[in-house]
Amino acid sequence: MGPVVVTFAGKVRGVSRDGITRFLGIPFAAAPEGPLRFRPPVSVPGWDGVRDTVAFGAAPPQLAPAPGAPAAWRPGDGLDCLTVNVWTPEPGRAGLPVMVWIYGGQWKHGSASMPHYDAATLAGSGVVVVTFNYRVGFEGFGHLLGAEDNRGLRDQIAALEWVRENIAAFGGDPANVTLFGQSAGAASVALLMAAPAARGLFRRAIAQSVPSGVLSADEAGAATATIAAAAGVPATREAFAALPPEAILAVQDAPLRERDGFTAFAPVIDGDLVTGSPWVALRSGAGRDVDLLCGFTHEEYRGQGPMPPPGVDLAVVATAVGLEEEAVAAYRRAYPAADDAELFTVMLSDALIRMPTTWVAEAHAGSGGRAWLYDFAWRGPTLGAGHGVDVPFVFGTPETRPAARFLGSPPPADFAGLSERVRTAWTSFAATGDPGWPCFTPDRPTTRIWDTTPADAPYPLEGSRRIWQRRGTSR
């Protein structure tokens, strides 16, 4: 039997293996069902005796991410999904740095139980790692009359509050918490840095590939109206709460029939948790007391969408992402060796991730915060330096099915060495606030280039930054 830890809600028993003890599926909030459906999270009831925490909790309701991919949630799993998982190298020790992970998934997919988020290797670097579930899709981000917005973000704050109250019992230091996440998880990290409700819950932040995109209440309401019409119900909390999750999932992508995009969901500007895009909030100085490490993969669009058809019209692409048609000529000058197919990837990588992440670094550094920037340029054998390739390097999980999508099987020989360097940088930052390369500042934008041999260099996308400068300063 594994060690027993006392939490505020009751005792939990974990499992130890290879020097790491893990505690899986600990509730941090009550199941969001019945009268709690589409409500902010509330405290979990306590329990008597010792709870064996040996299996992950249910994933939040969601569809499979792609045809043929395994489904993280099935209708019989229900809604009791708000659980945390803890990996600790020394549960009896005090004061270890804490790293709390937020998964991505276009605001409609994701679960802490996904195998590439197994944190045993990362915890072996001398940190306590926490992963958790938050509500996604309509359950977490649907805009409903009579319901609070951004329930998924509120779940994240509740998980951080659980960490503050309980992590010392697992060997962690509640005053030295680093929040880290990728894609939608990275946007969550940046938004929570600026949110008053999350102030003081974490000291440092790592944002891996911050995407663009928040919704106004009108935009979110229009999406809800389309979903409600497809479901045949009024757009109210009461009506949607009467539907089983699978009925909502069957129609939650209905808005995408009328417009392009990967998802109908994003954080909603509510004037409370979300006041605008992350870089806008950070530009005001909100969150300047939080150290920030952020970055992008060099080919962010790869793995997110289809490659361009032959003869793609780049002027149409430029207009679609909010640029003037004249931007195409500027791109050709900035990247003279790239053909049109390569420029398509460059433009969409900039629009979706690379420029938003750059704006976050610039906003934080420009408002007095400490920021570090990286460009993950290592190219895998299948999707190059595509969106998400960095995740198995951070967690040290090359043998999982999601990792094999980027790394192939077996992984390339240089994976192990680079993964160790990345984990050292992430955990050093969590422990001391120094990842091992110079800060990014407005007058000296030094960037870590992660490749087989890492190097520090001037900001590598100056041509793109000039093209997008007006958008970055006006939104």
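The values are calculated or read from the model by the stated rules, or taken from the named source; none is laboratory data. All figures in this text were calculated on a predicted structure; none of them were measured in a lab. Heads up, the Cβs are rebuilt from the backbone with ideal geometry, glycines too, and the neighbour counts pull from every protein chain shown.
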### Task
Return a yes/no flag: does the stretch 79-90 have any residue that is in contact with a Gly (Cβ under 7 Å, 6 or more places away or on another chain) and modelled with pLDDT under 95.
yes
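Of all helices (runs of 4 or more DSSP H) completely enclosed by the stretch 121-194, which ones contain at least 3 residues that are among the aliphatic types (A, V, I, L, M)?
Per the criteria, 151-166, 184-194.
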### Message
Any residue in the stretch 74-97 that is within 18 Å of PRO27 (Cβ to Cβ) and touching a residue at least 60 places away in the same chain (Cβ under 8 Å) sitting within a Cβ distance under 6 Å of a residue that is assigned to a loop (DSSP other than H, G, I, E, B) and among the aromatic types (Phe, Trp, Tyr)? List the pairs, counting only those 6 or more apart or interchain.
### Response
LEU82/PHE28; VAL84/PHE28
### Query
Which condition breaks for ALA59 when tested against (1) modelled with pLDDT of 95 or more; (2) farther than 22 Å from ALA241 by Cα?
(2)
### Task
Can you give me the number of residues within the stretch 1-40 that are assigned to a strand (DSSP E or B) and of a type in the set (A, V, I, L, M)?
8
### Task
Given the conditions (1) within 15 Å of PHE28 (Cβ to Cβ); (2) of a type in the set (A, V, I, L, M); (3) touching a Lys or Arg at 6+ places or on another chain (Cβ under 9 Å); (4) surrounded by fewer than 24 Cβ atoms within 10 Å (Cβ to Cβ), report the number of the one that ALA197 does not fulfil.
(1)
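Residue under question is GLU342, and the condition is that it be charged (D, E, K, R) and loosely packed, with under 15 Cβ neighbours inside 10 Å; does it hold? Before you say what the answer is, go through the steps one by one.
On the way: charged (D, E, K, R): yes; loosely packed, with under 15 Cβ neighbours inside 10 Å: yes.
In short, yes.
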### Summary
Among the residues of the stretch 416-444, the number that are over 20 Å from GLY171 (Cα atoms), among the small types (Gly, Ala, Ser) and surrounded by fewer than 19 Cβ atoms within 10 Å (Cβ to Cβ) is 3
### Query
Does ARG405 satisfy the condition of being modelled with pLDDT under 95 and over 19 Å from PRO435 (Cα atoms)?
yes
### Condition met for SER43 (hydroxyl-bearing (Ser, Thr, Tyr), outside any loop (DSSP other than H, G, I, E, B) and touching a residue at least 12 places away in the same chain (Cβ under 8 Å))
no
### Message
Just to be sure before I move on: is PRO61 in contact (Cβ under 8 Å) with a residue 60 or more places away in the chain and in contact with a helix residue (DSSP H, G or I) (Cβ under 6 Å, 6 or more places away or on another chain) in the structure I sent?
### Response
yes
### Task
Filter the stretch 328-375 down to residues that are over 14 Å from ALA318 (Cα atoms), free of Cβ contacts under 8 Å to residues at least 60 places away in the same chain and among the hydrophobic types (A, V, I, L, M, F, W, C), then give me how many there are.
2
### Those helices (runs of 4 or more DSSP H) lying entirely in the stretch 388-456 with at least 2 residues basic (Lys, Arg)
401-407, 415-432
#### Entry: Filter result (surrounded by 18 or more Cβ atoms within 10 Å (Cβ to Cβ) and under 22 Å from the mean Cα position of the chain (by Cα)) within the stretch 401-415
ALA403, ARG405, PHE406, LEU407
### Task
Kindly provide the set of residues from the stretch 292-330 that are among the small types (Gly, Ala, Ser) and either over 26 Å from the mean Cα position of the chain (by Cα) or modelled with pLDDT of 95 or more (or both), ordered by number.
GLY295, GLY311, ALA315, ALA318, ALA327, ALA329, ALA330
